[in-house]
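Novice: Before I ask anything, let me first share the structure, which is written out below as structure tokens.
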Amino acid sequence: SAYTPGISGFLDNYNDYGENELIINDLTIEGFGGVDAPTVLSGNNITLNNVIFQNNHGRIWNDIYGNIYNSKFINNSYIFDGEGENDGYVYGIDIYNDGELDTIKADFIGTYVSMQNTTYTDVYGGAVSNEHKIENLHGNFVGNVVELKDTTGEAYVYGGALYNYGGINSLSGDFVDNHIKVENAEDLYVYGGAVYNYGKAAENYEQYLEQ
């Protein structure tokens, strides 16, 4: 089955924080969200199996625990125009993890981030941004692009496809044609066309936090 349009998120899974489990199987989610309105906002245990996220403009925001199996993220995008007056920030258009994800088995294809006319810019991973813990991340990252155009002030991009500041214990898959495209950026700092890693292995993450 498929669910389509909405200008806000598809699912808010924050009731009874951390006490319930939600399982979603065999679903296509299309046309939802924005950076300030995640497609899926989760503060409970969540498992997604055989779910296709396509043509969305917001991400899965995980704040506690979950798993993603046999899923695809296809042609999701976010386009921001600061009109020469506003700052722009992005933390992964497909997945932003600030909790614990045990397993992600998914492909990330054609994610597109465009930041235009911003006075200050931060992009933390075009497709996936991890700031806490992912035990296993297995999948292909293909054709994910971050584009900056006519930015003023400082502009930082950390990973065209994947940003890791936390812990990822196991990472496997192909990274193909992920890149950062720049046109007329005044003060640019780019770290990793495909991957930016500042974290450590997941099993050492708690020790890493204490250092």
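Readers should treat all values here as calculations from the given coordinates under stated rules, not as data from a laboratory. What you see is a predicted model; the values in this text were computed from it and never measured. For neighbour counting, all protein chains shown are included, and Cβ atoms are generated from backbone atoms with ideal geometry for every residue, glycine included.
Novice: Starting from the Cα gyration tensor of the range 53-101, take the square roots of the eigenvalues, sort them a ≥ b ≥ c, and report rounded, prolate or oblate (rounded when a/c is under 1.5, otherwise prolate if a/b is larger than b/c, else oblate).
Specialist: Cα axes put the range 53-101 in the oblate bin.
Novice: From largest to smallest, what semi-axes in whole angstrom does the range 61-211 give when each is the square root of 5 times an eigenvalue of its alpha carbon gyration tensor?
Specialist: The three semi-axes for the range 61-211 are 26, 17, 13 Å.
Novice: Check the straight Cα-Cα distances from Lys149 and name the lysines below 27 Å, setting aside those fewer than 8 residues away within the same chain.
Specialist: Of all the lysines, those that pass the test against Lys149 - Cα under 27 Å, at least 8 places apart if same chain - are Lys181.
Novice: Still on this model: Can you give the charge dipole size of the range 85-211 about its Cα centre, rounded to the nearest 20 debye, using +1 on the beta carbon of Lys and Arg and -1 on the beta carbon of Asp and Glu?
Specialist: Dipole size: approximately 320 debye.
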